[in-house]
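Below is one structure, written out as structure tokens; the observations come after it.
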Amino acid sequence: MPVLSLAREGQTDSPSLITTVSQWLESADIRLNGCRPWDMRLKGPGALKQTLARGSLGLGEAYMDGLWEAERLDEFFHRVLRARIDEKVRPLSLLLPALKARFFNLQTIARAFDVGKAHYDLGNDFYAAMLDRRMTYTCGYWRSARDLDAAQEAKLDLICQKLGLRPGLRLLDIGSGWGSLLGFAAEHYGVTGVGVTISREQAAWCNQRFTHLPIEFRLQDYRHINERFDRIASVGMFEHVGRKNHSDYMRVAHHCLKEDGIFLLHTIGKNRSDTAPDPWIDRYIFPNGDLPSMAQISEAAEPFFVIEDLHNFGADYDRTLMAWHANFEAAWPRFAPELGERFYRMWRYYLLSCAGAFRSRSVQLWQLVLTRNGLTGGYRRPLA
């Protein structure tokens, strides 16, 4: 039965709707109202109808409302995405957001600080409880690491090695977060530097935390940077730039990088260029976010940079998100009175659905090393 006709029936999880969705889920070894940890259990009326009518936005809101449950949301999403069940649900209600992302610039300077206020300014205490000891809110590198702290330090050190950092160099960190990279680079590699962020909470926290090091942090949009640096890093920020601004972003990085400099871009990415931002993530987690594809990155970089190296370790984000989730669950009693049950379900859904997405390989984590004109003799990725 066609998806749209199901969504228009106006029935609340009708028998035909339940049968159709059950068949879809069975193709991913998920049982509707089953007893396994990844099975989808209906807890209230309308969860399936809401999903078919509004896609991922409806599915996420139905979960936040307590209309369905899965003990292992991460494994539920891994199976759903691996079987591409999400591609069967294409409601007309998602057409407008997709067209807006394609034809309009949703990441203008006026909008740039929205995600800082909505997400990153949630509270430093909250993120300190969830993240590693350095407050690193990006993918860890788990090749030899056994815990989150070690994985994040391994990632920071890998970036420093790829950049060829040494004492005397000046580093720009575009999207510096809570300062973990700049702090690590100054402590271990003797560099100076500047970090820019669109989060007021992050900038204030960093300027208090790192007074002992020759680094500074600014509340500033990347489009307003007008200085030269020996090295540039951007770790987990390009996801907020938006496809309409990719070229401007590369132009700014090119302008700020010295002739013989190195630029490392670390970003989550999607497999296909023709997809729109996830509407649930856009509304509840990262307003105006827009994952780039490799084709989009390459096209934007082409006039400005030589791509020296590409490294995909997206599978490591699964393990990172699961570690964040474990920390979140352990710390939740401290935050429950202030944030409430709906926030708990929203945040749990965010962390575990993203873990499932990386596990399914539906999304990737790329590190690109770029130079203005290519390094003489070529670039060698450090062994790590």
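The values are calculated or read from the model by the stated rules, or taken from the named source; none is laboratory data. These numbers were taken from a predicted model, which means no experiment stands behind them. For neighbour counting, all protein chains shown are included, and Cβ atoms are generated from backbone atoms with ideal geometry for every residue, glycine included.
Key figures
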item	result
Qualifying residue in the range 267-289 (condition: out of contact with any helix residue (DSSP H, G or I) (no Cβ under 6 Å at 6 or more places or on another chain), free of Cβ contacts under 8 Å to residues at least 40 places away in the same chain and farther than 29 Å from residue 316 by Cα)	no
Subset of the range 267-310 (residues that are within 12 Å of the chain's Cα centre (by Cα) and farther than 13 Å from residue 241 by Cβ)	270, 278, 281, 282, 285, 287
The range 1-38, residues that are touching a helix residue (DSSP H, G or I) at 6+ places or on another chain (Cβ under 8 Å), charged (D, E, K, R) and modelled with pLDDT of 90 or more	29, 31
Verdict on residue 275 being among the β-branched types (Val, Ile, Thr), within 22 Å of residue 355 (Cα to Cα), not assigned by TED's automatic domain parsing to the domain that holds residue 54 and not in a helix (DSSP H, G or I)	yes
The listed residue being β-branched (Val, Ile, Thr), modelled with pLDDT under 95 and either on the phi < 0 side of the Ramachandran plot or in the same structural domain as residue 260 (by TED's automatic domain parsing) (or both), out of 320, 376, 371	376
When residues of the range 190-206 are limited to those that are free of Cβ contacts under 8 Å to residues at least 60 places away in the same chain and under 24 Å from residue 291 (Cβ atoms), the one surrounded by the fewest Cβ atoms within 10 Å (Cβ to Cβ)	196
First in the range 346-374 and farther than 20 Å from residue 298 by Cα, second anywhere and in a loop (DSSP other than H, G, I, E, B), Cβ under 6 Å, 6 or more apart	350/285; 358/314
Condition broken by residue 316, with the remaining ones in (1) within 27 Å of residue 64 (Cβ to Cβ); (2) within 14 Å of the chain's Cα centre (by Cα); (3) not in a strand (DSSP E or B) satisfied	(1)
Enumeration of residues in the range 160-182 that are farther than 15 Å from residue 369 by Cα and buried (at least 24 other Cβ atoms within 10 Å of the Cβ)	175, 176, 177, 178, 179, 180, 181, 182
Residue tally, condition of a type in the set (A, V, I, L, M, F, W, C) and over 26 Å from residue 291 (Cβ atoms), over the range 207-228	3
